1. Going through region A:309-362 one residue at a time, which ones are among the aromatic types (F, W, Y) and either outside the structural domain of A:I271 (by TED's automatic domain parsing) or closer than 21 Å to A:L403 by Cβ (or both)?
2. When you go through A:Q610, A:Q606 one by one, which is the residue that is at pLDDT 95 or above, exposed (fewer than 15 other Cβ atoms within 10 Å of the Cβ) and closer than 30 Å to A:R452 by Cβ?
3. Look through B:I107, B:I132, B:I149, B:I142 and report the one residue that is surrounded by fewer than 20 Cβ atoms within 10 Å (Cβ to Cβ), touching a residue at least 24 places away in the same chain (Cβ under 8 Å) and either at the interface with chain A (Cβ under 7 Å from one of its Cβ atoms) or of a type in the set (A, V, I, L, M) (or both).
4. Consider B:P185 carefully, then state whether it is facing chain A (nearest Cβ under 8 Å) and part of a loop (DSSP other than H, G, I, E, B).
5. Among A:D417, A:D433, which is the only one that is within 14 Å of another protein chain (Cβ to nearest Cβ), over 20 Å from A:R336 (Cα atoms) and surrounded by fewer than 23 Cβ atoms within 10 Å (Cβ to Cβ)?
6. Can you tell me how many residues within region B:500-525 are touching a residue at least 60 places away in the same chain (Cβ under 8 Å), more than 14 Å from chain A (Cβ to nearest Cβ) and either surrounded by 18 or more Cβ atoms within 10 Å (Cβ to Cβ) or of a type in the set (S, T, Y) (or both)?
7. Does A:D381 satisfy the criteria of being touching a residue at least 24 places away in the same chain (Cβ under 8 Å) and either within 25 Å of A:P300 (Cα to Cα) or within 12 Å of chain B (Cβ to nearest Cβ) (or both)?
8. Counting just the residues of region A:188-221 that are more than 11 Å from chain B (Cβ to nearest Cβ) and in contact (Cβ under 8 Å) with a residue 60 or more places away in the chain, which one comes out farthest from A:I326 (Cα to Cα)?
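The values are calculated or read from the model by the stated rules, or taken from the named source; none is laboratory data. Note that this is a predicted model, so its numbers are computed, not measured. A quick note on method: Cβ atoms are made from the backbone with ideal geometry, for glycine too, and the neighbour counts reach across all protein chains shown.
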2 protein chains.
Amino acid sequence: MPFQYLTNFPLDDAVQTYLDALSTRGLTYKTEKIPIGLALGRITARAVYAKISAPHYNACAMDGIALDARLTFGATETTPARLNEGDFVRVDTGDPLPAGCDSVVMIEDVIAEDGQVSLYAAAAPWQHVRQIGEDISAGDMILPSFTEITPAALGAMLAAGVLKLEVVKLPVVGIIPTGDEIVPPSEHPGEGDIIEFNSTIFSGMLTQWGCLPKVYPIVKDNLAAIEETLRNAVDECDAVILNAGSSAGSEDYSAQAMRGIGEVVLHGIAIKPGKPAVLGLAQASTQGGLVPVLGVPGYPVSGILVLEHVFKPVLEQLTCLPHVEIQHTQAVVSRRLNSPLKYREFVRARLGLVNGKTVAVPLNRGAGVVSSFVKADGIIDIPQDMEGYEAGQSVNVRLLHSLDEIARMLVITGSHDPLLDELADIMRRTWRDSLVASSHVGSMGGIMAVKRGEAHLGGIHLLDEASGTYNVPYLKKYFPDGGVVLVECVERVQGLMVAPGNPKGIRGFADLPRLSYVNRQKGSGTRILCDYLARENKIDPGQVQGYEREEFTHTAVAAAVASGTADAGMGILSAARIYGLTFIPICPEQYDLLIAEDALELEAVQRLLQVLKGPEFAQRLEKLGGYTLDKPGEVRKWN
Amino acid sequence: MPFQYLTNFPLDDAVQTYLDALSTRGLTYKTEKIPIGLALGRITARAVYAKISAPHYNACAMDGIALDARLTFGATETTPARLNEGDFVRVDTGDPLPAGCDSVVMIEDVIAEDGQVSLYAAAAPWQHVRQIGEDISAGDMILPSFTEITPAALGAMLAAGVLKLEVVKLPVVGIIPTGDEIVPPSEHPGEGDIIEFNSTIFSGMLTQWGCLPKVYPIVKDNLAAIEETLRNAVDECDAVILNAGSSAGSEDYSAQAMRGIGEVVLHGIAIKPGKPAVLGLAQASTQGGLVPVLGVPGYPVSGILVLEHVFKPVLEQLTCLPHVEIQHTQAVVSRRLNSPLKYREFVRARLGLVNGKTVAVPLNRGAGVVSSFVKADGIIDIPQDMEGYEAGQSVNVRLLHSLDEIARMLVITGSHDPLLDELADIMRRTWRDSLVASSHVGSMGGIMAVKRGEAHLGGIHLLDEASGTYNVPYLKKYFPDGGVVLVECVERVQGLMVAPGNPKGIRGFADLPRLSYVNRQKGSGTRILCDYLARENKIDPGQVQGYEREEFTHTAVAAAVASGTADAGMGILSAARIYGLTFIPICPEQYDLLIAEDALELEAVQRLLQVLKGPEFAQRLEKLGGYTLDKPGEVRKWN
């Protein structure tokens, strides 16, 4: 096998090359014998045969009398058969059929008369008898090889006298986190500390794939230390994942360490994110055999994708679990997506069914943004030879949720306010099947999403400078033909969020030129307000340090101020409160919901309106602070 | 709540009545706080908010130098910016952005010249910086209530400083097996002992439904003992299943015991099997609160159905897991199905896609036949007001396997031979995605199933009395227009299976009148052979004891002989061997496969033919014994 460094193998070729290399060297599953009580969900390693029949004796299937059916032949309503003691045996359900008997008569049909027993109908041989082997005959194959064991299969095996069986062993998969700055999870990490959560994500994925994860302590960026841990892991595990620190240097160590103890099959796959993956293997010095070793990049999103695409097929060779075809769907992408020709790119997206079409809203593509995997309903798969897609084009999406769930999803796209998450949570607590997907793209983004039929609704707070009113003038401009309604939500206060205690003595927007600022993205209602206030205060944005620094949510702006990298940012009271910032109120504004008329009758939208009007929403807003409720949920006339 | 005894409530009404009764009395889930490491697959009990931002500091996203971007403004290819030590800081990926810096320049773009550093392009503020909160801002809602925790969610919580969270507690569900004859699983149960495997099946189902099963020791049929165990279980568990012994008496105890410690909401549901279910509740004497108590009939199939239809919706109130809609499909039923008007009936069935239509082959309807649940791919749901279906009618089937799996299923319907299971197992070992559904309906049943387009193929061994040849004359009769091929399988020996050592000195079929016999069902090739031999030997079947006693497989006949309830039965050597019976050869016969021409090109059929010709099949037949292979897998000319 030639040594290959940072190649750009197409994904499918890379996986096939890796599988071939492993199979050539004899990668195989292991088996173990376990009691039935532990076998749920496990995979049979060989066919299971019945040891005894079920039932294992001829069993009476009714309470009544057992007898030789020939004694009753000819019995009718008018000429009953009369039996004496000794002709029959009194039996209960489950009793063995007594010797000499071949049938059971139900107790309800047994008439005691004159010291005898009368039967007014003939019994058929073998009636009301569960014959030996009725369910399973000894020697029958109960389960073939490589079959997942269900609850009923457990019962069938026990019924057939099988108390232990040979199953495929759950592969132990070692996870080695490496990196000098990596620290265990903490509520108070120091500056520069990188919280090690990849091993927890990977452990979860491995558990779901039928493996037993084994996480090793964090190893520093030191070749000898990494090699030593890797060598131990290869001896102790059936497969190993080496999780590089986020520095480029440590990735080099991964490949080097793998070469030190085994072999690198290939290094570098044409996918984004995930390119620098190292696909290797090693031989255990114990009798463990061949061990696949995977080096994954440090960013969580890269790691997740490499594990799914490269390591899952390898692990299936060890678990023998059936390969479940990944479900895909076609969706309309909500905005332009550029992608490098050199790589096959995977972009996480929210999905929703709006107006009969499945819409994919791409999420943050950063490889470090693990929350995008929590929000994602699907992964857009952009082939290697594509430069991307225009908005409105059809894209191929791998589903993370069922189409049924996506059809139920309420798609909210527009301005960010924490109240949207609270609404979603109240809906979910009230109706457990509620699903809300909300994307923060600013008020103008919300208007465009509803207009293009890509969202059911969106939050907007857009100041019209000419009239000094909110929202309605924008609807008149963008929806001249109607088709949308405006639903009252809240009045909230916008203001400057500044360091606790306001050490710089900031009094208002006019102070901006002497401050460092953090702004919101263009098209957001808050940015429009800032730009307006700048003009009002005759401030040249070019002269304000950080005016071009853009964040996408109120909380992200608050976080920037709280960290001290900006003196001030515009936002709402609830965001300032979360970070313990001082809040300098600037102006109240109307935050409304823009809802597509088509969507108004959807159950999810009706639920939302119901929650808007309810007491729990009011209580939660009270707690967040800075909101005034007038007639929440009321449809406002605007055209 | 009025006391109701053995009512006939329609299923949906019964479930609603039960849920209402429980909800009125305040049934609710419990919660617990657990570390993230244990939270995979659990359900959030309340919304989870970020405690810290991720990243929690402004982090350099590249190896290079950090600086104030303003120092580089105006730098171009021809007029580089020149920086001195002190103007910048050398940084690695993940390092905190040093104070006074707002951007990072990649090391590749940093040119050392004359003791200075030159930059040939301007840096944009915040370039190559992962800003604080880029992924998650402190205070953001990471997960709403009642959400299943995925691997990525574990990572997002740890990244956001959440180390513990409140989840819905896994409900502990007690299972109390009762019955005098019930014994723990054993390889050698005594006659009359009933192996207790229901609690293992139920435990498996409960585990799959997100509960923690707790199995109590077997309780004898004694009211006081049952009541005491039930009272303990109600105090120790969140829900309890009382599994009656199979006798009618013990079922009475269930309702009585439940009334003793709590309340019976209703007793008797209009379903078959499962009618005598008891739906009850009790109050824990500890602080545990309200506990649903279910009395289920003793037969495993009844128990499984009652648990699925009645208790699963109750348990979902405790687990808060999303209700997954059960998938249904329409299928053509392969034979007439009668059903009582009084009950909604559930009939297990094998499913397969044959010639473009989904076919449902009903399985044994016995409530004790747990193996039918292992074989079943779906459950035919016959409404309460239906008398059943004619063969060929469309029925509503609840899917136990995916439609994708059913589409891959090779449907074999016809004569029974253990070699079919061996073929299926070899196929599965060779191609892990192979799925074979074989039903034993006899040779004539196989011919009819292939003719009606309900099976891809079937095993047949049909003696034509006139010509003394096998199979071909039948094909000429039933397939005058062709459309099927005959594929060579094996020659096998039929004979009488008798007690070990042949104590009755049986020499051949002529001895039948003096023996008790066990026969095969009408339409099976073996039955046709028996009838032929009876005529040959001038035996009147009416005079042979047990000639009308019918079993469906060779092994079931062997089991009957082995149990001593019959002196002899006709079958093949391999079946006799499994039971250690003496085998008296009668005649060889040709066992072939009849394959629909349409099916011949299916991948599954091609795989089958490949296995038929392979060495492993020959080895396995050798082990079974009694088979001769000539040209297995060869297509025989017949028309």
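1. Within region A:309-362, A:Y343, A:F346 meet the criteria.
2. It is A:Q606.
3. Details: B:I132 fails: surrounded by fewer than 20 Cβ atoms within 10 Å (Cβ to Cβ); B:I149 fails: surrounded by fewer than 20 Cβ atoms within 10 Å (Cβ to Cβ); B:I142 fails: surrounded by fewer than 20 Cβ atoms within 10 Å (Cβ to Cβ).
Going through B:I107, B:I132, B:I149, B:I142 in turn, the sole match is B:I107.
4. Yes; evaluated as a whole, the condition is true for this residue.
5. Result of the check over A:D417, A:D433: A:D433.
6. Going through region B:500-525, the residues touching a residue at least 60 places away in the same chain (Cβ under 8 Å) turn out to be B:500-502, B:504, B:506-509, B:520-525.
This time we only want the ones that are more than 14 Å from chain A (Cβ to nearest Cβ), so: B:500-502, B:504, B:506-509, B:522-525.
With the extra rule that they be either surrounded by 18 or more Cβ atoms within 10 Å (Cβ to Cβ) or of a type in the set (S, T, Y) (or both), the set shrinks to B:506, B:509, B:524-525.
Going through region B:500-525 one residue at a time, the tally reaches 4.
7. Working: touching a residue at least 24 places away in the same chain (Cβ under 8 Å): yes; either within 25 Å of A:P300 (Cα to Cα) or within 12 Å of chain B (Cβ to nearest Cβ) (or both): yes.
So A:D381 passes the test.
8. Taking the candidates together, the pick is A:C211.
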